[in-house]
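Beneath this line is the structure, given in structure tokens, with notes to follow.
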Amino acid sequence: MRLVQAMILSAALALPLSGPGAAEEAKAPRIVVTATGTVEVAPDMATLTIGVTTQGDTAAAALAANSASVEAVMARLAATGVEARDMQTSNLSLYPNWSGTEGMAPTIANYVASNQVTIRIRKLDALGAILDAAVADGANTLNGLAFGLADPDPLLDEARKKAVAAARARAELLAAAAGVTLGPIVQISEGGSWSEPVPMYRAEVAAAPVPVAGGEVGLSATVTIQYEISR
């Protein structure tokens, strides 16, 4: 019986360690770094949102006047070279304009109709002329102007390359400072990519009569890389 017990004890001692603690011991030490790469370029397109607001004594009159103005604006935009696929109407609204004095029930003074037109402009040198044409034909609100890129993917790839290079340089710096040797890459993950919404106003677009500054847009990508530490 003692011989059997001794054999069981010897076999138990020979078994490898298991569980989270053993896994952590087996895992090689690592350096984890996160870096961002950015590319700044001049935009090659713009998105413009304009609005048309009209009034009428009746709801039908206000809406009819608004429709006529929007049609005129879109016709003038087409004449300047904007394609139909680059124009879109949205946010159509019609509401009463109430008026009244204290102590009296409010009454409807007139009706207000509003519509927005979003325009994608592929030729930035025509931007000023497009703005002038839109206002001349009835657009009376400017709701936003944003610059961007028609095809940002190649530049985003360049930003990713810069992010990886920056992460490598940071990992090498940390390894040297710690007195260790940087090992192979264990894992790479991308934390997201984006473009800066605000231009930096460095270059002016040659457009008349409305002066417009296109500047530059920045595209960024972030990566996180895990390196083993060589022993």
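Some points to look at:
- From most to least packed by mean Cβ count within 10 Å, the peptides 32-39, 173-180, 97-104 give 32-39, 173-180, 97-104.
- Peptides ranked, highest mean first, by Cβ atoms within 10 Å: ranges 150-160, 121-131, 84-94, 215-225: 215-225, 121-131, 150-160, 84-94
- Rounded, prolate or oblate (a/c below 1.5 giving rounded, otherwise prolate when a/b exceeds b/c) for the stretch 36-130 by Cα gyration tensor: prolate
- Placing +1 on each Lys and Arg Cβ and -1 on each Asp and Glu Cβ, with no other charges, gives the stretch 14-173 a dipole about its Cα centre of roughly 540 debye.
Quick note: the coordinates plus some simple rules give every number you see, no bench work behind them. Nothing here was measured: the structure is a model prediction, and the numbers come from that model. Virtual Cβ from ideal backbone geometry, glycine too; neighbours counted across all protein chains shown.
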